1. Sort the following peptides by mean Cβ neighbour count (other Cβ atoms within 10 Å, averaged over residues), highest first: 39-50, 19-30, 4-15.
2. Given a Förster radius of 35 Å and the C-beta distance between Ala37 and Val10 as r, what FRET efficiency does 1/(1 + (r/R0)^6) yield to the nearest 0.05?
Amino acid sequence: MAEKSTREKVADLLELLNLQTAETLLKRVRDPECDAATLNAARAFLKDNEINSTPSANPHLKDLNTHLGDVELSDPHEPIRFREA
């Protein structure tokens, strides 16, 4: 098997970074102590990855997008509350 080119190595690293970012944001958004800055970071991440109401093939991004729909915004100085199912 031939060694990967620098371009392929960078692409692999960027894919891993994107995956780790999505997993970390999802974990933080699910935290009952989640703050507005974290939600904004998650929103920007979804926007930057062109994730909107269209389901994604990436299960981590799709889960993050779905979970953000359950957020109930209240006082920005209080923890984020999630709507009851």
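Where a number appears in this text, it was derived from the coordinates with a stated rule and is not lab data. All figures in this text were calculated on a predicted structure; none of them were measured in a lab. Cβ coordinates were reconstructed from backbone atoms using ideal geometry, including for glycine residues, and neighbour counts include every protein chain displayed.
1. 19-30, 39-50, 4-15
2. The value I calculate is 0.75.
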